[in-house]
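The values are calculated or read from the model by the stated rules, or taken from the named source; none is laboratory data. Since the structure is predicted, the reported quantities are computational estimates derived from the model, not experimental observations. Cβ placement follows ideal geometry from the backbone for every residue including glycine, while neighbour counts extend to all protein chains displayed.
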């Protein structure tokens, strides 16, 4: 499984945030897990949405759900749940945290 896709335990933790009811438009229902994996692929690679591989479906579908879930707070709820799965300790959920940090040592330039 590629590193940017959800594992089964991660998906089980957040699956209920993405209801799979009937489509009101009459279109074919899209698998929410595939859409999430598509969004993660774009975010992980930094590629443009239009370069999304065909295995994830149309780029416009992934972008539409990304935009909707960002605005309605679904991604915030998902982050809170996945954070508890990743960090099983009694940390304050509102406390800032960092997944990856980089330090660069700075040195004063010598005047020549």
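Selection over segment 68-101 of residues that are over 12 Å from the mean Cα position of the chain (by Cα), surrounded by 10 or more Cβ atoms within 10 Å (Cβ to Cβ), in a helix (DSSP H, G or I) and at pLDDT 90 or above gives a count of 1. Taken over segment 10-30, the criterion of being surrounded by fewer than 12 Cβ atoms within 10 Å (Cβ to Cβ) and at pLDDT 85 or above is satisfied by 12, 16.
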